[in-house]
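Below is one structure, written out as structure tokens; the observations come after it.
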Amino acid sequence: MKLDVCFRPAEVQGMDLQETLCIVLDIFRATTCMTTGMKNGCKAIIPVLSLEDARQAAQEQDEPVLLAGERQSLRLEGCELGNSPFDYAAEVVDGRVVVATTSNGTVAIKATDGAYRTLIGSFLNASAVCEEAAQAGKDVLVVCAGTDGLFSLEDSLCAGLLLQRLAQLQPEAELTDAARAAMMLYAGAEACLLETAVVSRNGQRLQDLNRMEDVRRCFEIDAVPVVPEYRDGVITCIGNH
């Protein structure tokens, strides 16, 4: 079993993922929202790359859906939901299908098409997603969404936490240099995680938008014991397929 990380979705291109379980991270805030939504009873989330794709996917559903759209941390016009975990409250998403497009998260999820499995990870479900991944007995690749194609601090910190947990669950696993680097990054920031998050590019942007409650929520470790899975173009909660 090998543990690895891609810090940007572009690094996934050309990789043979047929025997690899992927865990996708977009801490600020797509995968945090998806995990929150599944915990609050969301029936399914369909990730797409553009608002046009979202509207087309919505028309193809047999029931009314909620549109979730975000660019540069702001909700897109015409969408019921933005990219805040507080948008995915139970009274809004329970029993509903959401079609979502975000700046970075949905791009990273779609980049894993063809993988053995793709799980949706976050700080919120760190232990749950690691336990599910370890049970598969496959190589694990953590895929960070990054920001506009670049490295993002918050995703890489979470990658370090997950790889640390996975290494504890699978002591014989082989660690790549990238995996070790992510683990070292997390270990160095563990004692001041939230303070580190705030100085990241996206953390500063959210702070400027008065969304510090989102930042704090996104860094709550093991608050949500659910594991969303992306399969055949749709995200559902494991156990609800």
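In whole angstrom, the range 116-158 maps to an equivalent ellipsoid with semi-axes of 21, 12, 7, each derived as √(5λ) from the alpha carbon gyration tensor and ordered largest first. Please compute the modelled spin-label separation between residue 194 and residue 13, points set 7 Å along Cα→Cβ, answer in nm with one decimal. Distance between the two pseudo-spin positions: 3.9 nm. Is the range 159-241 best put as rounded, prolate or oblate by its Cα gyration tensor, with a ≥ b ≥ c the root eigenvalues, rounded for a/c under 1.5, and otherwise prolate when a/b is larger than b/c, oblate when not? It is oblate, given that a/c is not under 1.5 and a/b is not larger than b/c. Cα centroid separation, the range 161-200 to the range 9-39: 17 Å. Stretching residue 94 away from residue 216 to a fully extended chain increases their span by 41.6 nm, per 0.36 nm per residue minus the current alpha-carbon distance. The orientation-averaged projection of the convex hull spanning the C-alpha atoms of the range 66-184 amounts to 8.4 square nanometres. A Gaussian network model of the chain, with springs between Cα atoms under 10 Å, assigns the largest mean-square fluctuation among 137, 105, 203 to 137.
Report the equivalent ellipsoid semi-axes for the range 1-99 in whole Å, largest first, defined as the square roots of five times the eigenvalues of the gyration tensor built from alpha carbon atoms. Here the semi-axes work out to 26, 15, 15 Å. Within the assembled protein chains, the solvent-accessible surface assigned to residue 142 is about 0 Å², based on a 1.4 Å probe. Taking every DSSP helix (H) stretch of at least 4 residues in the chain, weighting each as -39,500 (n - 2.57) and dividing the sum by the residue count yields a mean residue ellipticity at 222 nm of -11000 deg cm²/dmol. For the chain, the longest principal axis of the alpha carbon atoms and the long axis of helix 153-169 meet at an angle near 60°. Within the same chain, lysines fewer than 8 places from residue 2 are excluded, and of the rest, those with a Cα less than 25 Å from its Cα are 110, 138. Where the alpha-carbon atoms of the range 1-56 are placed on the principal axes, they occupy 34, 27, 22 Å, in descending order.
Roughly what angle does helix 30-39 make with the longest principal axis of the chain, taking Cα atoms, 0 to 90 degrees, to the nearest 10? Long axis of 30-39 versus the principal axis of the chain: about 70 degrees. Per residue, the Cα convex hull of the chain amounts to 111 Å³. Fully extending the segment from residue 187 to residue 61, taken as 0.36 nm per residue of separation minus the present Cα-Cα distance, adds 40.9 nm.
The values are calculated or read from the model by the stated rules, or taken from the named source; none is laboratory data. Just so it is clear, the structure is predicted and the values come from calculations on it, not from any experiment. When we count neighbours, we look across all protein chains shown, and the Cβ atoms used for this are built from the backbone with ideal geometry, even at glycine. Protein only, heavy atoms only, side chains kept; ligands, DNA and RNA dropped before computing areas. Shrake-Rupley method; radii C 1.70, N 1.55, O 1.52, S 1.80 Å.
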